[in-house]
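Below is one structure, written out as structure tokens; comments come after it.
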Amino acid sequence: MGMTVAVANQKGGVGKTLTTANLVRAAAGEGLRVLAVDADAQANLTATLAPEYQGAGLEHSLATVLGSGDRLDAAIVASEWEGVDVVPAGGEDLADAQQTLVIQKAGRELRLRRALASVAARYDLVVLDCPPSLDQLTINALSAADALVIVTDPGQYALNGLDRLLDTIDIVREYTNPALVVAGTIINGYTYTRRMDRWCADIRSAASALGIAVLDPPIHRLTWIAEAQEAGVGLDQWPDPKAAVLHEMYVDKLRAVLAAVGERTR
């Protein structure tokens, strides 16, 4: 059976979509059939993988799936990467769909899970890029996922964001998805400073106390990582030998995530 992984943090600006894109690229390079679902109304993952499907007004998108019960297979489009399909966000339409979910009653948290079930046999891995908030879109993603990857940065408020996310995870486990596994935390945007080393140490200590693995080493803050994402190319395609090394780091992190879920579900 395929696996569904959500990538999340309620704190914005931590490199969550960048991490999602590179995990998707790593999975495709490993020969997996991948579905990338853009659950963020900013639609940055869509811009990277299927730029012609950006923005609102799409006939089929995640917005129409969650907002009006559209079939998920109608919303799936081919990406520019071999082996990767995409469910585009739908831009501001997805924000409207999120508001629709808020006023709905029974079953609203499970709309994405039910929609994914209809295409699960087609993919080895589904990756959900969550919005930088703990709203119904994130709850739908966590309710649909087998595993969660937390992305954070070594910043002053990183632990506050982690605490809020873990509170949401507890609620999801209690009511909609008791089998949800926290597969690990990826630290993004690291630079060599004493302050960031101290913050990284704090994150590792807090995660260890909670039984959450930190998928070291951290990802460094390098301008060409974002440039590759904006150009819609994988790090393994970027014309810098260091980029190929970083791509292999993402492959290692992906393997650690898949192994963590496998161990929990034996």
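Residue pairs whose Cβ atoms lie under 6 Å apart, separated by 6 or more positions or on different chains, with the first residue in the stretch 81-107 and surrounded by fewer than 21 Cβ atoms within 10 Å (Cβ to Cβ) and the second among the basic types (Lys, Arg) and modelled with pLDDT under 95, are Leu101/Arg108. Checked across the stretch 225-236, the condition of being among the polar types (S, T, N, Q), part of a helix (DSSP H, G or I), touching a residue at least 12 places away in the same chain (Cβ under 8 Å) and on the phi < 0 side of the Ramachandran plot holds for at least one residue. Within the stretch 152-180, the set of residues being outside any helix (DSSP H, G or I), touching an Asp or Glu at 6+ places or on another chain (Cβ under 9 Å) and either aromatic (Phe, Trp, Tyr) or within 10 Å of Leu142 (Cα to Cα) (or both) comprises Thr176, Asn177, Leu180.
Which of the residues spanning the stretch 122-150 are more than 11 Å from the chain's Cα centre (by Cα) and either part of a helix (DSSP H, G or I) or hydrophobic (A, V, I, L, M, F, W, C) (or both)? If the condition is that a residue be more than 11 Å from the chain's Cα centre (by Cα) and either part of a helix (DSSP H, G or I) or hydrophobic (A, V, I, L, M, F, W, C) (or both), then Arg122, Leu125, Leu134, Gln136, Leu137, Ile139, Asn140, Ser143, Ala144 are the ones that fit. Within the bounds of the stretch 259-266, is there any residue that is more than 19 Å from Ile150 (Cα to Cα), β-branched (Val, Ile, Thr) and at pLDDT below 95? Yes, some residue in the stretch 259-266 is more than 19 Å from Ile150 (Cα to Cα), β-branched (Val, Ile, Thr) and at pLDDT below 95.
Considering only the stretch 108-123, state which residues are more than 17 Å from Ile171 (Cβ to Cβ) and surrounded by fewer than 18 Cβ atoms within 10 Å (Cβ to Cβ). Passing the criteria: Arg114, Ala117, Ser118, Ala120, Ala121, Arg122.
Given the criteria within 20 Å of Lys11 (Cβ to Cβ), at pLDDT 95 or above and under 17 Å from the mean Cα position of the chain (by Cα), does Ala183 qualify? So Ala183 passes the test.
The values are calculated or read from the model by the stated rules, or taken from the named source; none is laboratory data. From a predicted model like this one, the values you see are computed outputs, not experimental measurements. FYI the Cβ positions are ideal-geometry reconstructions off the backbone, even for glycines, and counts take in every protein chain you see.
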